[in-house]
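Report on the structure given below.
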Amino acid sequence: MLPSFAIPLAYHGVAAFILFKGIRCPAKWRNALLVPIILLLIFSLREAHHVDVFPGLGFHFGMLQVVTILCSPIVLNSRVEKKRLRKATKNCNMWSDYRVYNNPRMLSCSTREPIRTGERAPLWGILIQSLPRILIPLGLELATTVLAALILGSCEASDFSAEKATILRRLWGGSVSLHELAVRFLVSVSWIGLSISRLTLFHTLLSIIFVAGLGFDTLEDWPPLFGSVLESYTIQRFWGKTWHRLLSASAVLWARACIDFIVKTEACPRLRNFLVAFMVFTISGLAHAVVAKSLGETSTILDIWFFWVNSLAVTLEVLVLEVGKVALSTLTRGTRFERNGWKTYLGLLVKPMGFMWVVLFFLWSVPRLMYPKIYSELNQPAR
């Protein structure tokens, strides 16, 4: 009898084995293999709460099932190019299949040969290079935990009620306290910061296993999941430059396929880009909602709402920036600003204002997503 935490791992392991071996199957069998693969992944997702032995692990394991479901048809229908290896062996074929399978971000695959045992980097060298990506996430996790204990220690369930989730109307009326603003700031920052720290930690530990332990890759094959926070001076750049692409890479392919099937937008590429972006945010919202539901969370419809609001914010940003550029070009025509390059002056203003806009947007939107979940958790009867 398997322990409860091993059941979803077993489901995922069998699905991954079928998917991995299915890459080399004849094309007529590949789509048939999708049925058992997706069913096993759904069973694994339903049992994901058993894996939640570490904060956030159950949620990220559930997201792994969703990402694998999205990637499975893409992986099975990928045409694996034959590598020019020194010796075409079964191991080489397995290695090239692994490069296709273990690539949810759709990164460009290296064409080099598998690393021989004697050529592997020493474990101590890998650990030293990976140390910052281990210590920084752990430090961020600890700092957030301490800060949460200091600020949330005096909070009650009513601090996360539906009334407290809204803020714009109450700010206008002057009924928002400094304590409430501190709680909103902590919830907003921790939602982003803990996701970055935990995913970075999991990603680093897996890279050590696959680089130093198994010798399948080099550290260059495991680039950082997240970009620089300094790139996040618009909502669009936050999701496109800073946030990871574990889900969005496959979601973009599905979104393009759906939009091209439903609507003919060749004559208007901007409309197509907007619809594809909206579909990607919708897929992300649905994925988060499904995983949250499998973990027993409430108000999962808010996950979809959150990503729709972000999609709307990105659209508004594009419109405002386009109108702003046209207006500035018209107003500065023939002036020294045009001669000196008004884009230089604009850049000095846009980035600070952009960072402020992003912070304010998430201070408004994240609590509306998280407060109902926290309120429900705090009001659950003691087990």
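What follows draws every value from the coordinates through simple rules; no lab data is involved. What you see is a predicted model, and the numbers here were worked out from it, not measured in a lab. Quick reminder, even Gly has a Cβ in these numbers, built from the backbone with ideal geometry, and neighbours come from all protein chains shown.
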Through the Karplus equation 6.51 cos²θ - 1.76 cosθ + 1.60, θ set to phi - 60°, convert the phi angles of the stretch 195-206 into ³J(HN,Hα) values in whole Hz; use x for Gly and Pro.
4, 5, 5, 5, 5, 5, 5, 4, 4, 5, 5, 5
I'd like the trypsin sites (Lys or Arg not before Pro) in the stretch 23-81 restricted to DSSP loop residues with at most 16 other Cβ atoms within 10 Å, sorted by number.
ARG24, ARG79
Inter-label distance for ASN379 and PHE54, nm, one decimal - labels placed 7 Å from Cα along Cα-to-Cβ
3.4
Does the stretch 227-383 come out rounded, prolate or oblate, given a ≥ b ≥ c as the square roots of the eigenvalues of its C-alpha gyration tensor, rounded meaning a/c under 1.5 and, failing that, prolate meaning a/b above b/c?
oblate
Cα shape, the stretch 130-224, gyration tensor, a/c 1.5 rule
prolate
Correct response: the longest run of the chain lacking exposed GluC sites (Glu not before Pro), defined by DSSP loop and at most 10 other Cβ within 10 Å, is 267-383
Please compute the contact order of the stretch 227-383 in relative form: average sequence separation of alpha-carbon pairs under 8 Å and at least six residues apart, divided by the residue count, as a percent.
28
For the chain, how many pairs of lysine residues have a Cα-Cα distance under 18 Å, where the two are 8 or more positions apart or belong to different chains?
10
Suppose R0 equals 30 Å. What FRET efficiency, 1/(1 + (r/R0)^6) with r the Cβ-Cβ distance, do ARG256 and SER195 give to the nearest 0.05?
0.70
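Taking only DSSP H segments of four or more residues, each worth -39500 (n - 2.57), what value at 222 nm results for the chain once the sum is divided by all its residues, to the nearest 500 deg cm²/dmol?
-23000 deg cm²/dmol
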Using 0.36 nm per residue, how much length does the chain from ILE136 to ARG368 gain when fully extended, once their Cα-Cα distance is taken away?
80.7 nm
Of (i) 18.2; (ii) 22.6; (iii) 26.1, which is the value of mean projected area of the Cα convex hull in nm² derived from the coordinates here?
(iii)
